[in-house]
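Structure first, then comments.
Just so you know, all these numbers are worked out from the coordinates, no wet-lab data involved. This structure is a prediction, so every number in the text was calculated from the model and none was measured. Counting neighbours? That spans all protein chains shown, and the Cβs are built from the backbone with ideal geometry, glycine included.
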Amino acid sequence: MTAGKAGADDAGLRRLKQRRDFLRVAAKGRKAAREGLVLQGAPTPVAEVGSARVGFTASRKVGNAVARNRAKRRLRAVADLVLRGQALAGHDYVLIGRKATLERDFAALCGDCRQALRRLKLARDGGPRDGNPREGNP
């Protein structure tokens, strides 16, 4: 097991990697669009219930391959800060990049994710909002 996988498992977030999981979340889940990202969420199938799972995607509308990869890197960083502490176990989340994902201020991008989680009612109550001490947790 690599250090990256161990860290993701310890945090309670696993990765969605199979297309069928992305399609299931899109078809059966709920979504909230914000300026910097779109968040989709759905309960995990009974056979795979456990910690929360998260996937990342960006379409060609975002830009070329370099731009899409940069957008997904930014979304992974947002998930690390926001979803790590707020994701509900037994749920799958998909973060979809937008053109604004590339230019939007990182703190605003984190705020977009928190707002989307609250709108979908898929955030844990209580505890810190995220792992970023500079933003001041309410």
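Listed values, structure above:
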read-out: Test: residue in the range 62-71 that is touching a Cys at 6+ places or on another chain (Cβ under 9 Å) and not hydroxyl-bearing (Ser, Thr, Tyr); value: no
read-out: Hey, Gly97 over 17 Å from Gly41 (Cβ atoms) and buried (at least 19 other Cβ atoms within 10 Å of the Cβ) or not; value: no
read-out: Given (1) charged (D, E, K, R); (2) within 14 Å of Arg34 (Cβ to Cβ); (3) crowded, with 17+ Cβ neighbours inside 10 Å, number of the condition Asp80 does not satisfy; value: (2)
read-out: Count of the range 11-34 residues which are in a loop (DSSP other than H, G, I, E, B) and loosely packed, with under 14 Cβ neighbours inside 10 Å; value: 2
read-out: Enumeration of residues in the range 35-73 that are without any contact (Cβ under 8 Å) to a residue 40 or more places away in the chain and crowded, with 21+ Cβ neighbours inside 10 Å; value: Ala71
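To keep it simple, each residue is scored yes or no on (1) among the hydrophobic types (A, V, I, L, M, F, W, C); (2) farther than 23 Å from Thr101 by Cβ; (3) in contact with a strand residue (DSSP E or B) (Cβ under 7 Å, 6 or more places away or on another chain).
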residue	(1), (2), (3)
Arg14	no, no, yes
Arg19	no, no, no
Phe22	yes, no, yes
Val25	yes, no, yes
Lys31	no, no, yes
Arg34	no, no, no
Gly41	no, no, yes
Ala47	yes, yes, no
Ala52	yes, no, yes
